[in-house]
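Chemist: Dropping a structure here in structure tokens format, bear with me for questions.
The values are calculated or read from the model by the stated rules, or taken from the named source; none is laboratory data. Since we're looking at a predicted model, the values are computed, not measured. Because the Cβ atoms are built from the backbone with ideal geometry, glycine has one as well, and the counts that use them run over all protein chains shown. These area figures cover heavy atoms from the full protein model, side chains too; ligands, DNA and RNA do not enter into them. Shrake-Rupley method; radii C 1.70, N 1.55, O 1.52, S 1.80 Å.
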Amino acid sequence: MATENLARNVVESGQRAAARSNTSAGTQTRTATFRVWRGSGAQGKLTDYPAEVSEGMVVLDAIHQIQADQATDLAVRWNCKAGKCGSCSAEVNGIPRLMCMTRLSELDLSAPVTIEPMRAFPIVKDLVTDVSSNFRAKKRIRKFTPRAADAPDGTWRMTQYDVDRVQEFRKCIECFLCQNVCHVLRDHQLHEQFVGPRLLVHAAQLEMHPLDILDRRDELKENPGIGYCNITKCCTKVCPEHITITDNAIIPLKERVVDRHYDPLGKLVRLIRGRKAGSGRREEGGAVGEDGR
């Protein structure tokens, strides 16, 4: 009974979405073919569905029509249909995109429009993929840890420059399109060794935050596997929020890790400072000992 109710709710949801699309789209229609991946797990195939489309429609509208009229068991993940929830990520004609933000007017409808699930993640069913590895990876990055408040009213003082620098990273909607195109995850499936560009953006947001007091450079080198990234900038290219992932997040994090672990001059400075600090402690300890005699 629960399964039947769930299936009925999915169908009704698709029908309501298709009806909304019909009321907001233009009046002139044409027939287009959508080649949709169908199947569970590693087993599946592309299936063609003809659909009536009109001006103003997006790919998600067409999927809803197909779901409502021809394939009521078609699985697709979506929520806001406004490009802000990141749920409807897929590959449209081989390009990772949000289906709700991909207008049919941008596509060549004289040929079938191919819609496939994201290839970097295990397929659950049809266009739905298992992105839970991203949530596990996020747990490996230490959480935001603010310094004590520095104003009498219990708040903080920050420069506008520092605020603006991290604000870009907060635009991320976790659509995981950047994760999907990352060759480390897509081609080599190193989900447990490399957190990927989305989580490096999260780490950059914390590392560059004017209130955060943690130093994550050691763990960035080892735990998230930042060394796997070879800066192809494919993640920046597909970001629907236009976050400059590579230049503004990943490269600065790499520079911080290099400064800490691979800069010989920096190592020498830290070594000298360490010796001076140790010498000062010994002298202080000796003075206490002499006073104590």
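Chemist: Just one of Ala90, Ala120, Ala75, Ala82 is under 22 Å from the mean Cα position of the chain (by Cα) and under 30 Å from Leu214 (Cβ atoms); which is it?
Modeler: Details: Ala90 fails: under 30 Å from Leu214 (Cβ atoms); Ala75 fails: under 30 Å from Leu214 (Cβ atoms); Ala82 fails: under 30 Å from Leu214 (Cβ atoms).
On inspection, the qualifying residue turns out to be Ala120.
Chemist: Please go through the stretch 88-132 and pick out each residue that is free of Cβ contacts under 8 Å to residues at least 40 places away in the same chain and part of a helix (DSSP H, G or I).
Modeler: Listed by number, the residues that qualify are Glu106, Ser132.
Chemist: Taking only pairs six or more apart or across chains, which ones have beta-carbon atoms under 9 Å, a first residue in the stretch 140-152 that is under 14 Å from Arg216 (Cβ atoms), and a second residue that is at pLDDT below 90 and of a type in the set (Asp, Glu)?
Modeler: Arg140/Glu219; Ile141/Glu219; Arg142/Glu219
Chemist: Further question on the same structure: List the residue pairs whose Cβ atoms are under 7 Å apart, where the first residue sits in the stretch 249-273 and is within 29 Å of Gln167 (Cβ to Cβ) and touching a residue at least 12 places away in the same chain (Cβ under 8 Å), the second is among the hydrophobic types (A, V, I, L, M, F, W, C) and not in a helix (DSSP H, G or I), and the two are 6 or more positions apart or on different chains.
Modeler: Once the first residue is within 29 Å of Gln167 (Cβ to Cβ) and touching a residue at least 12 places away in the same chain (Cβ under 8 Å) and sits in the stretch 249-273, its partners that are among the hydrophobic types (A, V, I, L, M, F, W, C) and not in a helix (DSSP H, G or I) give Ile250/Cys229; Ile250/Ile231; Ile251/Ile231.
Chemist: Can you report the number of residues in the stretch 174-197 which are under 12 Å from Ile141 (Cβ atoms) and surrounded by fewer than 24 Cβ atoms within 10 Å (Cβ to Cβ)? First the steps, then the outcome.
Modeler: Filtering the stretch 174-197 for residues under 12 Å from Ile141 (Cβ atoms) gives 195-196.
Pick out the ones that are also surrounded by fewer than 24 Cβ atoms within 10 Å (Cβ to Cβ) and you get none.
Of the residues in that region, 0 qualify.
Chemist: Which number in (1) modelled with pLDDT under 90; (2) out of contact with any Asp or Glu (no Cβ under 6 Å at 6 or more places or on another chain) marks the one condition that His209 misses?
Modeler: (1)
Chemist: Restricting attention to the stretch 138-192, and to residues there that are touching a Phe, Trp or Tyr at 6+ places or on another chain (Cβ under 8 Å) and of a type in the set (A, V, I, L, M), which single residue is farthest from Glu91 (Cα to Cα)?
Modeler: Only one residue fits best here, namely Ala149.
Chemist: Go through (1) open to solvent by 20 Å² or more (accessible area, probe 1.4 Å); (2) over 12 Å from the mean Cα position of the chain (by Cα); (3) not hydroxyl-bearing (Ser, Thr, Tyr) and name the single condition Lys171 misses.
Modeler: Status for Lys171: all satisfied but (2).
Chemist: So, one more: Would the stretch 43-50 turn up any residue that is modelled with pLDDT under 95 and either outside any strand (DSSP E or B) or over 28 Å from Ile123 (Cα atoms) (or both)?
Modeler: No, that holds for no residue.
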